[in-house]
1. Please go through (1) part of a loop (DSSP other than H, G, I, E, B); (2) within 31 Å of the chain's Cα centre (by Cα) for GLY599 and return the number of the only condition it doesn't satisfy.
2. Regarding VAL139, is this residue surrounded by fewer than 23 Cβ atoms within 10 Å (Cβ to Cβ), aliphatic (A, V, I, L, M), out of contact with any Ser or Thr (no Cβ under 9 Å at 6 or more places or on another chain) and touching a residue at least 24 places away in the same chain (Cβ under 8 Å)?
3. Are any of the residues in the range 480-492 in contact (Cβ under 8 Å) with a residue 60 or more places away in the chain and open to solvent by 40 Å² or more (accessible area, probe 1.4 Å)?
4. Does the range 531-569 hold any residues that are of a type in the set (Ser, Thr, Tyr) and part of a helix (DSSP H, G or I), and which are they?
5. Quick test of your reading of the structure: GLN250 fulfils all but one of (1) under 28 Å from LYS159 (Cα atoms); (2) modelled with pLDDT of 95 or more; (3) more than 9 Å from the ligand (Cβ to nearest atom). Name the failing condition by number.
6. In the range 507-530, is there at least one residue being outside any loop (DSSP other than H, G, I, E, B), open to solvent by 50 Å² or more (accessible area, probe 1.4 Å), at pLDDT below 90 and among the aliphatic types (A, V, I, L, M)?
7. Pick from the range 122-142 the residues that are among the acidic types (Asp, Glu) and under 30 Å from ASN195 (Cα atoms): which of them is nearest to the ligand (Cβ to nearest atom)?
8. Return the residue satisfying two criteria in turn: it lies in the range 273-288 and is among the charged types (D, E, K, R) and more than 16 Å from ASP96 (Cα to Cα), and of such residues it is nearest to the ligand (Cβ to nearest atom).
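The values are calculated or read from the model by the stated rules, or taken from the named source; none is laboratory data. Fair warning: this is a prediction, and the values are worked out from it, not measured in the lab. Glycine gets a Cβ as well: all are built from the backbone with ideal geometry, and neighbour counts include every protein chain shown. Only protein heavy atoms, including side chains, enter the accessible area calculation; ligands, DNA and RNA are left aside. Shrake-Rupley method; radii C 1.70, N 1.55, O 1.52, S 1.80 Å.
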Amino acid sequence: MNDIERRVAELYEQLSHHARLYYKDDAPVISDAEYDALLRELWEMERAYPELARPDSPTKRVGSAALEKFVKIRHERPMLSLDNVFDTGELRSFIDRLEAAIEGQGALVCEMKIDGLAVSLIYEDGVFVRGATRGDGRVGEDVTENLRTVKTLPLRLKKTVPGRLEVRGEVLITREQFAELNRVREENGEALFANPRNAAAGSLRQLDSKITAARGLSIFLYYIVDAPGRGVFRQSDTLRWLADHGLPTQEAWAFCDSAEEVTAFIEKWRERRFDLNYVTDGVVVKLDDIALWDRLGSTSHAPRWAVAFKYPPEVVFTRVLSIDISVGRTGVLTPVANLDPVQVGGTTVQRAGLHNEDEVRRKDIRVGDRVRLHKAGEIIPEILEVEKDARTGAEVPFEMPEKCPACGSPVVRLPGEVAVRCPNRSSCPAQLKEGIRYFASRGGMDIRGLGDKLAEQMVEKKIIRSLPDIYTLTKEDLAGLDRMGDKSAQNLLDAVEESKKRPLSALIAALGIRFVGNKIAEILGDHFGSMEALRSVSEEELALVEGIGPVIASSVEAFFRDPANGELLTCFEESGVTALSLRDDRAGIKVPREGIFTGMTVVFTGELLSIARNEAEKQVKALGGKTASSVSSKTSLVVAGEKAGSKLEKAKTLGVRIVDEAEFLAMLG
Ligand code: IVH
């Protein structure tokens with residue numbers, strides 16, 4: 001093997017490995033730009049030495065093979081990818097080649113390149129019947145049920161199209177939804193999504209479509225399979241046709257008459273794209289005249305009538321002014337760099353998380369250093385590397401403090417862990433503040449109004465010294481706090497009172513036990529039925545519960561073994577926190593085999609105002625019924641809340657019985 005052959009083999013290996021991490025596991029370890037650079041290197045080598053290009057080369061593939069867990073769907077026409085160009089020179093050559101091939105000048109359409117997940121949708125006589133992911137371009141996964149949960153996707157077209165229609169586009173997650181999703185995941189101690197694309201992919205490929213529904217995905221369409229068959233002959237008309245039929249399309253596109261206009265579009269959106277509520281990483285340039293597409297054809301992986309211009313990932317320089325330590329709910333100390341404010345990716349960045357001590361050491365980040373910074377996934381500020389040549393000698397290396405900056409306790413680093421912790425669980429103000437916020441959050445005891453700012457003040461003013469103090473708050477306590485009028489004080493006290501009735505699973509989740517998020521809390525609550533039972537359970541018994549692994553079992557057992565936590569729970573109980581499980585007779589709900597919903601399948605749609613959706617579903621189950629996420633002929637009852645949408649429509653079409661929230665509550669008795 002010569003050097004070139006060796007490098008090609010190496011690139012095959014690396015690219016397949018990273019493609020697997022990216023497409024299958026939704027957990028990339030290198031940036032898109034790094035991936036693109038490897039792919040490009042291989043591309044160029046294959047162009048120079050065509051004999052080295054094997055049919056299974058990563059450059060010939062689109063993504064990776066479909067996962068086993070969904071039903072596989074063979075696309076009637078392959079779902080292709082796009083070739084990339086990285087500067088205006090390369091773009092120019094693409095347009096020149098295009099014009100040579102069509103022997104003339106062709107109008108072009110520019111659209112933003114959405115950083116999402118390609119899907120195909122099938123409508124039959126105007127009704128959405130099937131949706132699939134791209135998979136490897138030939139075989140994808142049937143994600144129909146999950147796509148039905150995408151709110152902007154019409155289940156019936158605005159104008160009926162006879163027969164079978166296939167349209168294609170991109171499922172995505174908005175910047176806002178992405179931030180919210182990661183916020184909740186962080187609170188639940190779950191791994192964060194690296195970028196919106198992975199969040200969208202991870203959310204769409206859920207076997208439980210309820211999880212997908214909760215993720216709030218969006219979709220944009222841009223392609224009609226066999227457009228001429230529908231009387232659509234131009235890409236610009238495709239976009240209008242799609243919108244006309246109620247299919248969401250992007251607003252950011254333009255008809256361009258010349259290469260100059262294309263360049264102008266690219267320049268116009270270079271910065272402005274950061275104002276869009278979804279992440280884009282380039283511009284797709286397409287020949288407008290669809291009739292010419294067939295004549296141009298495609299390579300094994302990409303059409304010749306379109307190309308993707310990729311914006312370079314934005315990297316800026318700034319300076320590290322200082323490094324703060326933030327102390328989280330579980331006592332973990334996280335270094336955070338304060339930066340000289342710098343514009344990147346459409347916002348001013350002045351802080352960047354540095355993860356942990358090892359990471360700072362690995363990158364050798366010092367106070368005073370000039371650093372290169374980008375936004376990971378175009379969103380999360382990250383220091384890439386230090387400009388070591390720019391050092392003056394005055395830079396100060398980072399030292400992890402030996403004492404917790406919030407309470408002064410000596411910190412500990414457990415063997416085998418990268419995290420440094422403050423062990424003072426009971427009275428560290430930083431941990432307490434985060435603990436209050438977490439306890440009161442929506443996934444926990446849901447005490448509305450008790451957020452970050454308030455928690456901070458209460459801890460500072462020593463109004464709350466430990467979590468149970470939340471339940472002894474008085475109006476007088478609240479009177480002296482910033483922005484706390486009589487009315488908001490009363491609202492807060494009411495919310496505190498209301499939270500006492502939250503179910504057992506909410507209290508378990510609110511305690512912030514390591515590895516116990518909402519889902520695990522629910523399993524524990526359902527299985528043990530009361531806090532007393534859970535408190536005295538052994539690690540072995542816990543590990544026998546379906547869905548609880550040894551790590552969680554050990555963490556739960558350790559939590560309850562700690563006498564301080566026992567005291568905490570006793571305090572809650574004394575304050576009147578009931579934490580009843582649905583299995584508990586005192587909750588007034590028996591676990592009947594027979595109930596008013598026996599034999600029924602109930603579907604909820606829209607927003608319920610006086611009861612949480614998951615609570616309502618539990619009640620249905622407790623009364624003998626089943627719940628489902630979509631309406632079909634098997635549905636017995638649809639409960640329609642506020643702003644009910646397509647499910648309500650479908651129920652009406654199918655003649656399913658529909659009740660509103662009040663009627664549903666009356667049924668519960
Ligand atoms: S057109 C025949 N238009 O980018 C392929 N693709 O990197 C037609 N993408 O596979 C694709 N935004 O999943 C097209 N406005 C847009 C797009 C777009 C994002 C995706 C698509 C494609 C990938 C290629």
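1. Only one criterion in (1) part of a loop (DSSP other than H, G, I, E, B); (2) within 31 Å of the chain's Cα centre (by Cα) is unmet by GLY599, namely (2).
2. Against the criterion (surrounded by fewer than 23 Cβ atoms within 10 Å (Cβ to Cβ), aliphatic (A, V, I, L, M), out of contact with any Ser or Thr (no Cβ under 9 Å at 6 or more places or on another chain) and touching a residue at least 24 places away in the same chain (Cβ under 8 Å)), VAL139 qualifies.
3. Among the residues of the range 480-492, not one is in contact (Cβ under 8 Å) with a residue 60 or more places away in the chain and open to solvent by 40 Å² or more (accessible area, probe 1.4 Å), which makes the answer no.
4. SER554, SER555
5. Of (1) under 28 Å from LYS159 (Cα atoms); (2) modelled with pLDDT of 95 or more; (3) more than 9 Å from the ligand (Cβ to nearest atom), only one is false for GLN250: (3).
6. Yes: the range 507-530 contains one or more residues that are outside any loop (DSSP other than H, G, I, E, B), open to solvent by 50 Å² or more (accessible area, probe 1.4 Å), at pLDDT below 90 and among the aliphatic types (A, V, I, L, M).
7. In this case the residue turns out to be ASP136.
8. ASP281
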